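Each remark here refers to the structure printed beneath this line.
Where a number appears in this text, it was derived from the coordinates with a stated rule and is not lab data. Keep in mind the model is a prediction, meaning the values are calculated, not measured. Reconstructed Cβ throughout: ideal geometry from the backbone, glycine too, with neighbour counts over all protein chains shown.
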Amino acid sequence: MDALSQGPEQQIIDAVERLLKSPDNFYAVRIFVSRLLPIHQNDNKIAVILHILGENNYLYKLSNQDVILIIRNVKKDHLEELLDSIRALFPRDPAILQHPPEYFIHSYNLRTEYRLFVAEIDKMAGKDVPSLANNAINKTPLTPENLEGEEQRAKLSNLADAVRRQAVVTVSSDKKIKVLFYELFTSTALLGQRAIPNVNLLSDAWLFQHLTETLDLKVIEAVQVSNMTFVPPVISLNLNISTVFTPMFAEFSQAMKEKGVTLIAEIQVRDIFSNAAEYAKAKDLLHQSGHKVLLDGISHNSLLFLDVMSFEPDLIKIIWSSQLEDAYDIEVVQQIQEKGGKNKIILCRCDDEKALMWGMTNKVMFFQGYFVDKMVSALAKSLCKDFGCPLADCIENHKVISDTLRRKCPNIKMIDNPPFGTAKIWEDENAEN
């Protein structure tokens, strides 16, 4: 668990935005340590709370001592057992004795209470933090009737400032890193704020999915006009299968090919299930153009029933979770590697060193996540000797591709083209060809 100078509240919003792709089975819990008697707000008690919750992916300590937990794939009964063990630490505190249970610990089902939770985080962070939950109660729901109009608004908007970048890296045994490629994606919060500010995008998941087809094209447009001083040899985009067949993507694909840039289309498993035949065509089309396919959104649960190699992807993103430490999951990962997936697995959402160490122990070669972001930025900062920017600023500047958001960086070339090297992901394959 880490807290940067940007504040844990913003980290929580960043984490929740990443979860928006598949919010099912996620719970958020806020433990109001600040409501306990001062004598109970000591470091030892908080350390015990963190220890009880410490096996979970997303865990944050706020500046007022409150603790936020985001946990996935947990049974409600098990979650309540965890929370009861925390309440048992303070049996005589008025926050426990004189108030209902939710006064000290409040939990949210993110599938149904996402807006409420993010509104609470907004309140903690201050009104400058962008979020879909801001003024949600005053926003118009996304409906079939207004979808067409909102698509037109999105088409007319410049979303360059809403595009975010995150590195995927390879890590050697002595923890030296090289950038494999950069994923470019939209920030949902900024999208809602800039392109269609008066509509609650979360009110209908299926209509939002339809709207993302328009947004795919806007991201492509933003990448083409971006201020990046160096276009990396490999970039990835989150795409709907239908986007691959559009004229705009065909033009973009050809332009990138002529520049020697390999595109990776990151496609969600649920999109493949809905469009299996179209996925096969899209994969063939991408391969014919010299580009690649990444199977995205592989969770712990997915590994239980899904033969990911049957989709013949070039890369596979497995979402880090402490549940991957189960012997069965480790065995499944090994089976994927044995079926030709040794150089295909990316462990994503690596938000702490534990995720990285698990991956390296189990021969996973590629990593992505907040902890990786810090490693990339820290290394770049160590090589950027002429400037004394804070690490938090360096991390934020690495996230964006628009100069309007990173204009304070005195060494943008260092950000766009890291001197510690770019790994050649398909080096052996290309050598054979």
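Structure values in brief
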quantity: Shape category assigned to the range 39-122 from the gyration tensor of Cα positions, a/c cut at 1.5; calculated: rounded
quantity: Signed unit charges on C-beta, dipole axis of the range 288-393, positive-most listed residue Q288, H300, I346; calculated: Q288
quantity: Residue-span extension gain [Y328 to D77] - 0.36 nm each, minus C-alpha spacing; calculated: 88.1 nm
quantity: Modelled FRET efficiency - R0 30 Å, C389 with R87, Cβ distances, 0.05 increments; calculated: 0.10
quantity: Exposure proxy order (Cβ contacts within 10 Å, fewest to most) of E266, E251, E258; calculated: E258, E251, E266
quantity: Computed lengthening from A280 to N343, 0.36 nm per intervening residue step minus Cα-Cα distance; calculated: 20.5 nm
quantity: Theoretical FRET efficiency, 1/(1+(r/R0)^6), r = Cβ-Cβ of N64 and K354, R0 25 Å, to 0.05; calculated: 0.45
quantity: Cβ-placed point charges (K, R +1; D, E -1), dipole of the range 268-374 about Cα centre in debye, nearest 20; calculated: 280 debye
quantity: Part-to-part distance (alpha-carbon centres) for the range 290-362 and the range 214-266, which is given in Å; calculated: 25 Å
quantity: In nm, spacing of pseudo-spin labels at I412 and E113 (7 Å Cα→C-beta vector); calculated: 4.4 nm
quantity: Distance in nm between pseudo-label sites at D43 and F245 (7 Å out along the Cβ direction from Cα); calculated: 6.1 nm
quantity: Residues L304 and K259, FRET efficiency given R0 of 51 Å [Cβ-Cβ distance, rounded to 0.05]; calculated: 0.80
